[in-house]
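Some notes on the structure that comes next.
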Amino acid sequence: MDSSNFENTKAIETKNLTKIYHGGIRAVDDVTFLVQPGEIFGLLGPNGAGKTTMIKMIVTLARPTTGNLRVFGIDASKSPETVRNMLGYVPQSISVDTDLTGYENLLIFSKLSYVDKKQRNGRIKDALEYMGLTDRAKDLVKHYSGGMMRRLEIAQALVNRPRILLLDEPSIGLDPASKMHVWESIKQLKEKFGTTILITTHDMSEADELCDRIAIMSDGKIAALGSPIELKKSVGGDVVTVNLTVAYPSITFPKEIGTIMHSNEKSIQILAENGEIAIPLVSNFFRDQKIAIDSISINKPNLDDVFMKYAKRRLHEEISPHATSARRDFVRHTR
Amino acid sequence: MNIARFLSSAVTVAEMEARKIRHDTTELWIRIVQPALWLIVFGVTFNSIKAMPTGSFSYIQFITPGILAQSVLFIAIFYGITVVWERDVGIITKLLSTPSPRASIVLGKSLSASLRGMFQAVMIFALALALGVKIRLDIPDILGVFAVVILFAMCFSSLSMLLASFMKTRDRMMGIGQALTMPLFFASNAIYPISVMPVWLQYVSKVNPLSYVVDAMRSMLLSGSYENLPIDILALLVATVTFVALASITIKRLLE
Ligand SMILES: Nc1ncnc2c1ncn2[C@@H]1O[C@H](COP(=O)(O)OP(=O)(O)OP(=O)(O)O)[C@@H](O)[C@H]1O
Ligand SMILES: [Mg+2]
């Protein structure tokens, strides 16, 4: 295929991409972003944010209302078949054919994807093995469990060795072991074959574990984009919580160490850029003040906080600015 | 576009149907009940009272090709329901996300309807022979009948898919199917000769595609006079290509 002269091309490139459904819903609203070849790119966001719509446009199942979409430099609206030839797609809802066997599902799919006849059986065998379905391959899919169907779905997307794998919530309904297995497989695909992966998920630990970069969508727009570390930084630093042995009503605290977010008489929460560095400083400060410390703990922001900050922003704005910080505190406390 | 790939995709979609049928043949057997009733009850009864002016053929001979055409029509016209169902369970999404051209998928689906139609034809042949209906059993005629069955099923199943792209739900397709099959059936020469119809219905019958299909099948199964055959087949072919092409353009609407 077209590999050598596309060294510099982006795996996925969208420019002002907009999808308006009948009834005027702006499912995707003027979105511009890039996915680099070989990266695992996460698309997060609340229900209805437009993640599935975005993926459907990439698979050329939905036509963009306006804007531009290129896959490895190829215009999706001009050459949809060439684009689809580079993709593997795992839809959000189960879509394997339950009236066929697992093997037949892969066979039909590999034929429709024009997998070379000589390689076909090997590929099917590999995909079945990869997803741990070899011993059930000859059973009708309607007798599979939900998680097995999910795994078959992924196997199906792998038989044509896609350059880009689009996974729309691939791990819903998987048990923890299968989920780990799928994560490992995804990482291996990236490492062994340099496959580019676009994944949507509501599981923040999954996104954190897998993704090189993450875009958070909200109301059809990208609200934040960056590596998990960058995103976590952007919600503010680490929270150092100091518990005192006796109540100490008013403390003035040096700004260099951090800012007090929240305090009651015996417990103080300090927002610091780097928790590990802040802890000795905090402890020195309290010793100098002759205030006895019971315990100190750090909480690092995780993707849940990132999600809450960017995805729910509109909801927050509609309530009140105070509610925003209260909610943030709530999130941190309950972590 | 690569013709070999195009055809291989279409055949693969039909293969998918064949494999499904092999796993569960129940539907095929249920589908045979209705034409069997027509032949055994309606056909045999009217045969004995000799109420119809069917010329040199007995009534049951007369309606055997008609019932064959009718039962294939039913399968084809309602094929859109299957496709809507497949849309609902994500199979259409899956098929359309492969690199295979849309038109090859639609063509494959219409071939799938033909596959079911051919099974009907086999069963109706068997039934007719069991009832002692005299039909011509020359190899070329039988092959011709199958060719017409295939084309006819493709034609009306692609029309059905075209309609399904706009109707989008199984209920509506059920309604549309019923609204189409009954008039097509009764305003045709399937179960009575055109000559017994009121004049206005005779005109309707002349533009009714089912009449042409029945006509083609009668010429092969009964009379052996083929002068209308080329026109019948050409008309079917043109309609099939048109409907497949149109349905290929509209099928994506099913996903919206
Ligand atoms: N076929 C459709 N017709 C009309 N509106 C649609 C259609 N599909 C999606 N939408 C609307 O577009 C918006 C985005 O939907 P989409 O499925 O892309 O969200 P999502 O981010 O994938 O959500 P989830 O996390 O729940 O899967 C929603 O408001 C939804 O109602
Ligand atoms: Mg979704």
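The values are calculated or read from the model by the stated rules, or taken from the named source; none is laboratory data. Please read these numbers as outputs of a predicted model, since none were measured by experiment. Cβ atoms come from the backbone with ideal geometry, glycine included; neighbour counts cover every protein chain shown. With ligands, DNA and RNA removed, areas are computed over all heavy atoms of the protein, side chains included. Shrake-Rupley method; radii C 1.70, N 1.55, O 1.52, S 1.80 Å.
Brief remarks follow.
- Taking the Cα centre of chain A as origin and assigning +1 to Lys and Arg Cβ atoms and -1 to Asp and Glu Cβ atoms, the resulting dipole is close to 620 debye.
- Counting only protein chain heavy atoms and rolling a 1.4 Å probe, the accessible areas of B:TRP85, B:TRP29 rank, largest first, as B:TRP29, B:TRP85.
- R0 of 41 Å, Cβ-Cβ distance A:THR98-A:GLU230: FRET efficiency to nearest 0.05: 0.45
- The heavy atoms of A:THR201 present about 10 square angstrom of accessible area, all protein chains included, probe 1.4 Å.
- Where chain B is the region considered: accessible area per residue in Å², 1.4 Å probe: 42 Å²
- Over the stretch A:237-300, relative contact order from alpha-carbon pairs under 8 Å, at least 6 apart, %: 49 percent
- Take the accessible area of chain A alone and of chain B alone, subtract that of the pair, and you get about 2700 Å² summed over both chains, using a 1.4 Å probe.
- As a length-normalised measure over Cα pairs under 8 Å and 6 or more apart, the relative contact order of chain A settles at 18 percent.
- Per residue, the accessible area of the stretch A:136-222 comes to 37 Å², computed with a 1.4 Å probe over protein heavy atoms only.
- Solvent-accessible area lost in complex, 20 Å² minimum, residues of the stretch B:19-36 relative to chain alone, 1.4 Å: B:ARG19, B:LYS20, B:HIS23
- Residues in the stretch B:216-256 occluded by at least 40 Å² - accessible area, probe radius 1.4 Å, against chain by itself: B:LYS252, B:GLU256
- Listed residues A:VAL246, A:ASN274, A:ILE260: farthest to the positive end of the dipole of the stretch A:237-300 (Cβ charges): A:VAL246
- With the Kirkwood sum run over all distinct C-alpha pairs, the stretch B:79-236 has a hydrodynamic radius of 17.3 Å.
- To put it simply, the accessible area of chain B at a 1.4 Å probe is 72 percent carbon and sulfur.
- Among A:THR245, A:THR52, A:THR134, residue whose mean-square fluctuation peaks in a GNM of chain A (springs only between Cα atoms under 10 Å): A:THR245
- Over chain B, relative contact order from alpha-carbon pairs under 8 Å, at least 6 apart, %: 29 percent
- Surface share of carbon and sulfur [accessible, 1.4 angstrom probe, percent] for the stretch A:237-300: 50 percent
- Over the stretch A:111-258, the hull volume per residue, using the convex hull of the C-alpha atoms, is 208 Å³.
- Longest exposed-site-free window of chain A, the sites being GluC sites (Glu not before Pro) in a DSSP loop that have at most 11 other C-beta atoms within 10 Å: A:8-255
- Sorting A:LYS179, B:LYS109, A:LYS142 by solvent-accessible area of protein heavy atoms yields A:LYS142, A:LYS179, B:LYS109, largest first, with a 1.4 Å probe.
- Under the span-like rule (Cα at least 15 Å along the axis, Kyte-Doolittle mean at least 0.0), DSSP H helices of chain A: A:102-112, A:146-158, A:275-288
- Accessible area per residue for the stretch A:237-300 is 59 Å², calculated with a 1.4 Å probe on protein heavy atoms, without ligands, DNA or RNA.
- Potential extension, B:ILE139-B:VAL122 segment - 0.36 nm per residue separation minus Cα distance: 4.8 nm
- Of the residues A:ASP139, B:ASP141, ranked by 1.4 Å probe accessible area with the largest first, the sequence reads A:ASP139, B:ASP141.
- Long-range tail of P(r) for the protein assembly as shown (Cα pairs > 37 Å, %): 49 percent
- Charge-dipole axis of the stretch B:152-256 as Lys and Arg at +1 and Asp and Glu at -1 on Cβ define it, positive-most pick from B:THR169, B:ALA245, B:VAL199: B:THR169
- Translational diffusion coefficient (Stokes-Einstein; Kirkwood radius from C-alpha pairs) of the stretch A:237-300 at 4 °C, 1.567 mPa s, in µm²/s: 114 µm²/s
- Rounded to the nearest 20 debye, the dipole magnitude of the protein assembly as shown is 780 debye, with +1 charges on Lys and Arg beta carbons, -1 on Asp and Glu beta carbons, and the Cα centre as origin.
- From its DSSP helices (H runs of at least four residues, each -39,500 (n - 2.57)), chain A gives a residue-normalised ellipticity at 222 nm of -11500 deg cm²/dmol.
- Distance between modelled label sites at A:ASN16 and A:ARG63, nm, 7 Å Cα→Cβ extension: 1.9 nm
- Check: the stretch A:237-300 dipole with +1 on Lys, Arg Cβ and -1 on Asp, Glu Cβ, in debye: 140 debye
- Membrane-span-like helices in chain B, defined purely by DSSP H runs whose alpha carbon atoms cover 20 Å or more axially and whose average Kyte-Doolittle hydropathy reaches -1.0, are B:3-23, B:59-77, B:102-130, B:139-167, B:170-186, B:229-250.
- For the stretch A:99-114, residues shielded by at least 40 square angstrom of accessible area compared with the chain on its own, probe 1.4 Å: A:ASP99, A:LEU100, A:GLU104, A:ILE108, A:PHE109, A:LYS111, A:LEU112, A:TYR114
- Global form of the stretch A:92-148, assessed from the alpha-carbon gyration tensor, a/c cut-off 1.5: prolate
- Heavy atoms of A:TYR130: accessible area, 1.4 Å probe, square angstrom to 10: 60 Å²
- Positive-pole candidate from A:PHE109, A:LEU140, B:VAL122, dipole of the protein assembly as shown, charges at beta carbon: B:VAL122
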